[in-house]
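Each remark here refers to the structure printed beneath this line.
None of the figures in this text is laboratory data; all of them are computed from the coordinates on show. All values reported here derive from a predicted model rather than from experimental measurement. Neighbour counts are summed over all protein chains in view; Cβ atoms, including those assigned to glycine, are modelled from backbone coordinates with ideal geometry.
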Amino acid sequence: MSGIFGVINRAGIDEGTATTAYYGIFSLQHRGQEAAGIAINNNGTFLVHKRDGMVADIFDEVTLNALGGTCAVAHSRGSDGIIGPDGIQPVVIKSRVGNIALSCDSVILNAEQIREDLKNQGAIFQTSTDTELILSLLSRNRVVTDTTEEALMKTMKELKGVYAMVIMTDDKLIAIRDPYGLRPLALGKRGNEWMVASENCSFDALNAEFVRDLEPGEILSITKDEMSSIFYNEEISQEERIKNGKVCIFEYVYVARPDSVIDGTNVFKSRYEAGKALAKLHPCECDLVIGAPDSGNAAALGFADGLGVTYGMGLLKNRYVGRTFIKSTQEQRELAVRMKFAVLKEAVKGKRIAIVDDSLVRGTTTKHIIRFLKDNGAAEVHVRLASPEVKFPCCYGVNASSDKDLPATRMTVEEIGEMIGADSLGYISLECLKEALGGLICDTCSACFDGNYIAGKVE
């Protein structure tokens, strides 16, 4: 996944728009650590700064001061296999109807078919990215429609897949959430500035007010004068649109920051409740419960409280190493794991340790952690996972894209436990995980656990 952010000053003045975009996307760095960028509208001229690396390394005070304007879109890219500057967003084009800048978090399943159709109509592509494809389709549709919103609706009807987008035109900021609501997207406000972001943790960092989540299939348009929405599923009621939404369940398991609230569910609380449920399903005799930092910590606290066992520190995390889950190759993931964790020897020596992690996808990280703990004196290491077995490859860009990467497709729980070197292994059930999502106003996509691909598969 990636992080997307957009901001518009409805008073038409520059109150540090670029800096707002910077802190907005900085707060979403956990969603993507490969590259980042900001595009800003400076009186009809679109300025862009983007490159590989972390947000804080790409922008400095001089750069941000040079990016003057009243509307901006930003992006923090996850690992999508695209090498070089072609895959860095936002992407800016000049169309027959004006400038367009796009940041998107997407997987377009029928991308190849659309690309071939557009080529046959004379379109030229420089990259293989979804972003360029969407912009090409939008540009074509904009010529035959009266408004950008109509062109976007026409574009959505041609796309098969999942996405969240922020689009900047010469006079608008537009946010789009796919008809399934699989990708999260939220609306916020601070004074004259209205914002959209992948997660509302961005608003907290900016001392902005969280207004609401976008509805599935919503196209939200914000200008100086008005704010309006049209909907992909306009024939059904708002209540039905929201209820039928299918937000990705892995947002709550791993992807989202714990201080975010997505579609009514507090991420930290849902992870804590999953840990408590896990303690009932798979208790164990242990002296200390620790979390696999950082995404396992909330579930570990719930597991410890559920067992009535001490929760403590056993692992230290190197904050300067990114997420191992989103590294591009297995070799990169293994090297990152070795650099990422250190064991607190005195805390684990001679003790039976229960370590709670958010999930086990390939098993690389968990296997190394167990070895580290035992090499540093842990008597036993019991592993508990706050998500079910990942049995199906995800074609929506969340985890492994091939079943050969997933031990759960070919091994029993006992065999996986033996493979990673655990003294015991237990997973939460999908039913209990869903029950932990208290307050959720919609349904979830759990294709990686149950094989139900709600948006279809790659054509």
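Its Cα gyration tensor gives the stretch 1-60 an equivalent ellipsoid. The semi-axes, each the square root of 5 times an eigenvalue, are 21, 12, 10 Å from largest down. Placing dummy labels 7 Å off each Cα toward the beta-carbon, the span from Lys457 to Lys280 is 3.5 nm. Comparing Cα centroids, the stretch 244-278 and the stretch 128-187 end up 27 angstrom apart. Since only Pro388, Val348, Gly302 are under comparison, the one whose Cα sits farthest along the positive direction of the charge dipole of the stretch 268-450, derived from C-beta charges on Lys, Arg, Asp and Glu, is Val348.
Adding -39500 (n - 2.57) for every DSSP H run of four residues or longer, then dividing by how many residues the chain holds, sets the calculated 222 nm ellipticity at -8500 deg cm²/dmol.
Suppose R0 equals 25 Å. What FRET efficiency, 1/(1 + (r/R0)^6) with r the Cβ-Cβ distance, do Glu226 and Thr63 give to the nearest 0.05? Once the sixth-power term is evaluated, E becomes 0.20. With N the number of residues in the chain, Rg(Cα) / (2.2 N^0.38 Å) evaluates to 0.99.
Phi-derived couplings, Karplus 6.51 cos²θ - 1.76 cosθ + 1.60 at θ = phi - 60°, listed residue by residue for the stretch 442-453: 9, 8, 10, 9, 10, 4, 5, 9, 10, x, 8, 7 Hz, with x used for Gly and Pro. The long axis of helix 17-26 is offset from the longest Cα principal axis of the chain by roughly 30 degrees. Computed from point charges on the beta carbon alone (+1 for Lys and Arg, -1 for Asp and Glu), the dipole magnitude for the stretch 3-244 about its Cα centre is near 320 Debye. In the chain, the longest principal axis of the Cα atoms and the axis of helix 267-281 are about 30 degrees apart.
Could you work out the local net charge near Val162, counting Lys and Arg as +1, Asp and Glu as -1, over the other residues with Cβ closer than 13 Å to its Cβ?
+1
Could you tell me how far the Cα centroid of the stretch 345-369 sits from the Cα centroid of the stretch 22-77, in Å? Measuring centre to centre over Cα atoms gives 37 Å. Label sites at Leu316 and Ile441, each approximated as a point 7 angstrom past Cα along Cα to Cβ, lie 4.3 nm apart. For the stretch 268-450, the fraction of C-alpha pairs farther apart than 29 angstrom is 15 percent. A Cβ-based charge dipole, computed about the Cα centre of the chain with Lys and Arg at +1 and Asp and Glu at -1, lands at about 880 debye. The stretch between Ala205 and Asn192, if pulled fully straight at 0.36 nm per residue, gains 3.0 nm over its current Cα-Cα span. The peptide list 196-203, 229-236, 359-366, 293-300, put in order of mean Cβ contacts within 10 Å with the highest first, becomes 196-203, 293-300, 359-366, 229-236. For the stretch 1-77, the set of GluC sites (Glu not before Pro) satisfying both a DSSP loop assignment and a count of at most 14 other C-beta atoms within 10 Å is given as Glu15. Given +1 at the Cβ of Lys and Arg, -1 at the Cβ of Asp and Glu and no other charges, the dipole of the stretch 268-450 around its Cα centre is 660 debye to the nearest 20.
Rounded to the nearest 10 degrees, what's the angle between the helix 364-375 long axis and the longest principal axis of the chain, both from Cα atoms, 0 to 90? Result, in degrees: 30.
With the charge dipole of the chain set up from +1 on Lys and Arg Cβ and -1 on Asp and Glu Cβ about the Cα centre, the Cα lying farthest toward the positive end among the listed residues Val255, Ile416, Gly87 is that of Ile416. Here is the link list: Lys160/Lys340; Lys154/Lys457; Lys269/Lys391; Lys404/Lys434; Lys280/Lys367. Which ones come out longer than 32 Å on Cα distance? Among Lys160/Lys340; Lys154/Lys457; Lys269/Lys391; Lys404/Lys434; Lys280/Lys367, the Cα-Cα distance tops 32 Å for Lys160/Lys340. Volume of the convex hull of the stretch 3-244 (Cα atoms only), normalised per residue: 119 Å³.
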